[in-house]
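Each reported figure results from applying straightforward, stated rules to the coordinates on display, with no laboratory input. A quick note: this is a predicted structure, and the numbers were derived from the prediction, not measured. Here Cβ is always computed from backbone atoms with ideal geometry, including for glycine, and neighbour counts include all displayed protein chains.
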Amino acid sequence: MTHKRLRDIDSGERMNRLRVIGWLGPAVFLMLTLAEWKTFGFGPILLLLMVLNIGIIALLGFLLLRGIDLGARGWVGMVSGAGNIEPAASFSAQETLIIRGRFSEAETAFLAHLADHPQDHDARLALADLYRRHLDKPQEAERLYLHVRQNRPTGKQEATASNQLLDLYRLTGQRGRLMAELARYAERYGGTRAGAEARKALDQMKQENAV
């Protein structure tokens, strides 16, 4: 079975364009001919100009359609991130390695990715999660979470780093750091449910220490 090459213009679109030319072409031809008849009158010059009008209209139609095509492609390229707009960095290959259990290779790939995209906090958070969940490197995970939080993260990235730090300190039994992080969290997100829960957990830990 042979596969036909995909084309930019399908038959339906081509027919629509021909209809437009069919409607506009005669109207433009008639207006040009009337203007020339008023200027030169009926005679050989008018007949010659009528022939030239056909070529002029065909050329104008071609240029018009060509301009529409170029304008549409430029707009699509702009909104889709093509052309000169650099696409967002992706680390799907690293995620695939994690799914396949190739954690050390995923770590190496993440480090290479971050060397090329040092501002990619999402990748840094993903690497920290890899350290925490699969590679038993809590100190490396902590370092990355703190780095994200200290280097102009988005609100979502900051919240993720803070929540993961709380989980990390709980899992590793670092009560002092956990209490300090709970205090920071309660202050940072004061007035929210999450902030209130952090304050409650901190107060409970203080009571336990006092016993």
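Only residues that are assigned to a loop (DSSP other than H, G, I, E, B) and surrounded by 14 or more Cβ atoms within 10 Å (Cβ to Cβ) were counted in segment 189-211, giving 1. Among the candidates Ala112, Ala186, single out the residue that is on the phi < 0 side of the Ramachandran plot, in a helix (DSSP H, G or I) and surrounded by 19 or more Cβ atoms within 10 Å (Cβ to Cβ). Answer to the selection: Ala186. Total residues in segment 118-144 satisfying the condition of being farther than 21 Å from Thr154 by Cβ, basic (Lys, Arg) and assigned to a helix (DSSP H, G or I): the figure is 1. A single entry from Lys156, Lys137, Lys206 fulfils the requirement of being over 30 Å from Ala93 (Cβ atoms) and of a type in the set (Lys, Arg): Lys206.
Picking from residues in segment 152-174 that are out of contact with any helix residue (DSSP H, G or I) (no Cβ under 7 Å at 6 or more places or on another chain) and charged (D, E, K, R), the one that is nearest to Gln119 (Cα to Cα) is Arg152.
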